[in-house]
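Below: one structure, written as structure tokens.
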Amino acid sequence: MGKTYDVIIIGLGGMGSTTAYQLAKRGKRVLGIEQFAPAHDQGSSHGGSRIYRQAYFEDPAYVPLLLRAYELWEEIKRESGRELLTVTGGLMMGPPDSQTVAGSIKSAKQWNLPYETLSAAEVHKRFPVFTPSPNQVALYEKKAGFVRPELSVYTHLVEAEKHGADLRFFEKVRSWEPHSSGEGVTVVTESGTFEAGKLVITAGAWSSQILKDIGVSLEVERQVMMFFEPIGGVEPYRVGHFPIYIWEADDYTQLYGFPSFDLRGEGAKVAFFRKGGVPCTPETIDRNVYTEEIQTLRDYLEQGLPSLSGRFLEAKTCMYANTPDQHFVICRHPDYEQVNIAAGFSGHGFKFASVIGEIMADLAIDGSTKHPIDLFRPQRFVHH
């Protein structure tokens with residue numbers, strides 16, 4: 001029998017890395033198990049950048065978590081010396097009745113968040129590379145920006161190890177078994193058997209079976225992020241000149257993108273939000289990117305960001321692990337109170353990674369959290 005721990009974490013990506021850090025920081029004996037390399041590119045936590053915003057169009061209930069996430073991104077920066085969150089300002093742009101605009105304004109008003117509303121002409125004047133159609137408007141949020149996912153995962157893992165966490169990579173979990181007493185779990189990996197008081201499962205797109213067991217269907221889909229070289233050069237797209245943005249076109253298709261923040265040759269990153277998602281599994285995802293996919297995105301760019309439709313540089317695939325309502329699942333296992341689950345982040349979860357770690361540490365240690373997570377209960381999918 002192997003060593004005994006307070007908490008075992010399965011999956012050390014966006015959420016597992018922050019959970020390991022939070023638990024180790026609180027003095028817990030932590031074992032983290034990851035089947036790939038640290039900060040790998042096989043799941044949903046890669047591609048250089050993820051949007052951070054507070055005026056949240058998906059649901060105002062997320063805002064308190066976003067405010068706490070912001071504080072924790074600043075805290076890990078102070079502790080590690082690495083800037084994981086870069087504030088650039090953010091544009092939420094589209095028709096006035098679009099979810100992107102109307103939902104963002106609703107959240108901002110409900111939580112008294114500072115914001116500006118801009119007409120299409122005002123957007124173009126402030127950020128000349130945008131050419132929204134005359135009927136479009138935007139919410140501008142000063143505190144929006146982007147988080148660096150690989151750097152975040154890596155940094156939280158390094159800090160977790162500094163606090164004593166035992167982290168194992170390139171190691172697959174074969175099985176886990178809750179003890180019938182209601183306390184403790186046994187986890188079997190390729191290299192051994194481990195015991196702990198509590199188990200946290202943060203396995204991303206690999207969480208389908210555990211969610212199925214608690215009544216949640218998870219659909220994994222392939223999404224593509226692309227990098228283009230702006231016509232006329234990257235300078236107008238650099239951090240300091242250019243915001244993160246979510247732009248809803250006149251046909252209500254959502255695109256999102258980022259400033260260029262490193263090498264001149266990296267271009268600027270842009271992607272569709274949800275459009276064109278191909279159902280897959282982690283084993284069957286097609287990592288190739290096709291000419292027609294590039295052209296479809298280019299066609300949209302020509303409407304609203306024409307100078308970004310320059311030379312195609314590269315693309316990366318990732319997975320959205322979608323719940324039926326696209327809200328997260330964060331809970332104690334309904335049958336095994338020593339098991340806690342965070343999954344189904346549905347393509348909009350990474351900005352929350354810092355606070356999810358805090359929540360999962362709370363659940364593992366105390367069985368509850370002060371953070372508002374009722375929206376994420378799996379019981380919402382049980383039809384009576």
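The values are calculated or read from the model by the stated rules, or taken from the named source; none is laboratory data. Treat the numbers as computed from the prediction; the structure is a model and nothing was measured. Counting neighbours? That spans all protein chains shown, and the Cβs are built from the backbone with ideal geometry, glycine included.
Just one of the listed residues (321, 353) is part of a strand (DSSP E or B) and under 13 Å from the mean Cα position of the chain (by Cα), namely 321.
Looking across the range 342-369 at every residue that is of a type in the set (Val, Ile, Thr) and touching a Ser or Thr at 6+ places or on another chain (Cβ under 7 Å), the one that is nearest to residue 12 (Cα to Cα) is identified as 356. What do you reckon, is residue 365 of a type in the set (A, V, I, L, M, F, W, C) and buried (at least 21 other Cβ atoms within 10 Å of the Cβ)? The answer is no for residue 365. Checked against the criteria, residue 292 counts as of a type outside the set (Phe, Trp, Tyr), outside the structural domain of residue 197 (by TED's automatic domain parsing), surrounded by fewer than 20 Cβ atoms within 10 Å (Cβ to Cβ) and outside any strand (DSSP E or B).
Determine whether the range 246-260 contains at least one residue that is among the charged types (D, E, K, R) and farther than 24 Å from residue 88 by Cα.
Within the range 246-260, one or more residues are among the charged types (D, E, K, R) and farther than 24 Å from residue 88 by Cα.
Only one of the listed residues (114, 96, 128, 134) is in the same structural domain as residue 251 (by TED's automatic domain parsing), within 26 Å of residue 75 (Cα to Cα), part of a loop (DSSP other than H, G, I, E, B) and not hydroxyl-bearing (Ser, Thr, Tyr). That residue is 114.
Here the range 257-276 is the region considered, the condition is being at pLDDT below 95 and assigned to a loop (DSSP other than H, G, I, E, B), and the residue that is farthest from the chain's Cα centre (by Cα) is 263. Confirm whether residue 312 is aromatic (Phe, Trp, Tyr), surrounded by 15 or more Cβ atoms within 10 Å (Cβ to Cβ) and in a loop (DSSP other than H, G, I, E, B). In short, no.
Within the range 77-85, is even one residue without any contact (Cβ under 8 Å) to a residue 60 or more places away in the chain, more than 21 Å from residue 269 (Cβ to Cβ) and basic (Lys, Arg)? The answer is yes; a qualifying residue exists.
Residues to consider are 113, 65, 72; find the one that is over 30 Å from residue 164 (Cβ atoms), in contact (Cβ under 8 Å) with a residue 12 or more places away in the chain and crowded, with 19+ Cβ neighbours inside 10 Å. Working first, answer last.
Values: 65 fails: over 30 Å from residue 164 (Cβ atoms); 72 fails: over 30 Å from residue 164 (Cβ atoms).
Result: 113 is the single residue among 113, 65, 72 that is over 30 Å from residue 164 (Cβ atoms), in contact (Cβ under 8 Å) with a residue 12 or more places away in the chain and crowded, with 19+ Cβ neighbours inside 10 Å.
Taking the criterion of being touching a helix residue (DSSP H, G or I) at 6+ places or on another chain (Cβ under 8 Å) and within 30 Å of residue 287 (Cβ to Cβ), the residues of the range 77-92 that qualify are 82, 83, 84, 85.
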